[in-house]
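Scroll down for the structure; my scribbles are underneath it.
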Amino acid sequence: MLLVIFILLGQWQLQRASERRAIQANIEHGQQLSTLLLQDDTPESEWREWRTVSVTGVWQPQFSVLLNRNHQGRPGYWLATPLLLGHAPHHKAVLVLRGWFERRIAPAPLPDFPLAAVTVTIQGQLLEHVPRLLELRSLSGEKQAQLPARLPLPGPDLPQVQNLELNNMEQASGLVFLPVVVRQMSGTEDGLTRDWATPPVDYHKNTAYAMQWFGFALIALLAMLFVGYRMARHGKSRSQHE
């Protein structure tokens, strides 16, 4: 039984190592591509995750959302704001992860970053979706911190959520989004932190773990053979004695 478990655990670690190698290759390939001018009519064939993009549009701060995220052990939020790539209602928007800021105590929960409908040009990286965080469920089975059905909220506060899906943003805001997300890299005047973390790609560690599990499997196999050999010798000796 232990032999099978050790082998399965080793195979699982090899699979994780393969997945991380694929992630690393995807990141490196996207980062090596030339900067893309992202517009609402940019062909989907040009959308490559981790590719650097330049985007010009108008902030839609009334639809901003805060995502609960820690940074270097400190609680805080990612600020996500739609950027309209042209003039409504015919143009699309792209959701921009603008950066992180530390959680503050009321009555000043937000820093003094600009929340105005101004035209900007930003540099960023393309992502396929907003990175997800493990989402706990309440005792009633409902997801915590859901996005309101309609945006903007009536007061000055911004909605706070754990995870964010583009289709939910479309329904709440009435905007049409490109099916990609931009993680903003440029800009220092707003006080937001942008030293974004990349997915873990240390596949060597998983390979080492796999070798350990296979080593345990080999030890278990040798132990089984030794015990079987001793039992066989004991049985043979007993039969000869009788």
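The values are calculated or read from the model by the stated rules, or taken from the named source; none is laboratory data. Here the structure is a predicted model, which means the values were calculated and not measured. Virtual Cβ from ideal backbone geometry, glycine too; neighbours counted across all protein chains shown.
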Quick one: would you say Asn206 is under 30 Å from Gln125 (Cβ atoms), surrounded by fewer than 12 Cβ atoms within 10 Å (Cβ to Cβ), of a type outside the set (Val, Ile, Thr) and within 23 Å of the chain's Cα centre (by Cα)? no
Qualifying positions in segment 1-51 - of a type in the set (S, T, N, Q) and either surrounded by 17 or more Cβ atoms within 10 Å (Cβ to Cβ) or assigned to a loop (DSSP other than H, G, I, E, B) (or both): Gln13, Ser34, Thr35, Gln39, Thr42
Please indicate, with yes or no, whether at least one residue in segment 10-31 is assigned by TED's automatic domain parsing to the domain that holds Phe216, of a type in the set (A, V, I, L, M) and within 30 Å of Leu225 (Cα to Cα). yes
Out of segment 208-221, which residues are out of contact with any Leu (no Cβ under 7 Å at 6 or more places or on another chain) and under 30 Å from His129 (Cβ atoms)? Tyr209
Of residues in segment 52-78 being touching a Leu at 6+ places or on another chain (Cβ under 9 Å) and in a loop (DSSP other than H, G, I, E, B), the one nearest to Leu153 (Cα to Cα): Ser64
Result of the Cβ filter at 8 Å on segment 199-212, keeping first residues that are in a helix (DSSP H, G or I) and partners that are exposed (fewer than 14 other Cβ atoms within 10 Å of the Cβ) and hydroxyl-bearing (Ser, Thr, Tyr), at least 6 apart or interchain, is Tyr203/Ser18
For the structure I just gave you, tell me whether Gly124 is within 24 Å of the chain's Cα centre (by Cα), at pLDDT 80 or above and in the same structural domain as Gly76 (by TED's automatic domain parsing). yes
Scanning segment 37-58 for residues that are touching a Ser or Thr at 6+ places or on another chain (Cβ under 9 Å) and either small (Gly, Ala, Ser) or assigned by TED's automatic domain parsing to the domain that holds Ala220 (or both) gives Ser54, Gly57
